[in-house]
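A quick write-up on the structure given underneath.
Just so it is clear, none of the values below were taken in a lab; they were calculated from the coordinates. Predicted, not measured: the structure shown is a model, and the values here were computed from it. No Cβ is skipped: glycine too gets one built from the backbone with ideal geometry, and neighbour counts run over all protein chains shown.
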Amino acid sequence: MKIINALTLAGLLTACSSAWVQLSPAGEQVSLATAAEVRNCTRLGTANVSGADNIGFVQRGANRLQEELVTLARNEAGALGGNRVTPESAIEDGRQTFGIFRC
């Protein structure tokens, strides 16, 4: 019974995890860009974002975590009036830094 409950919980967490971070209306106006693409843009600041790389004993997929971090960065950039974000660090312990730009 405990195994069934644990598997059910893990399944529910997996199914719901994509809904944990929603793109805001302002974030919808922000795109992910490379450093070269923002070379002539105005830097507005930095977004230090973090997500859960583990849920209990379950390791989250790298792609899902990356999507969540980009969404969080886009939301923060939109709130600051930016329209581009570019990654400035690798993911480490579920954290990543993005530059926020207005182009």
Completion exercise
Of 84-97, 29-42, 62-75, ordering from highest average Cβ density within 10 Å down gives 62-75, 84-97, 29-42
Exercise for the section: Would you calculate the separation in nanometres between label points at E92 and E67, each defined as 7 Å from the Cα along the Cα-to-beta-carbon direction? Expected result: 2.7 nm
Fill in the blank from the handout: In nm, the gap between the two label points placed 7 Å beyond Cα toward Cβ at L32 and L44 is 1.9 nm
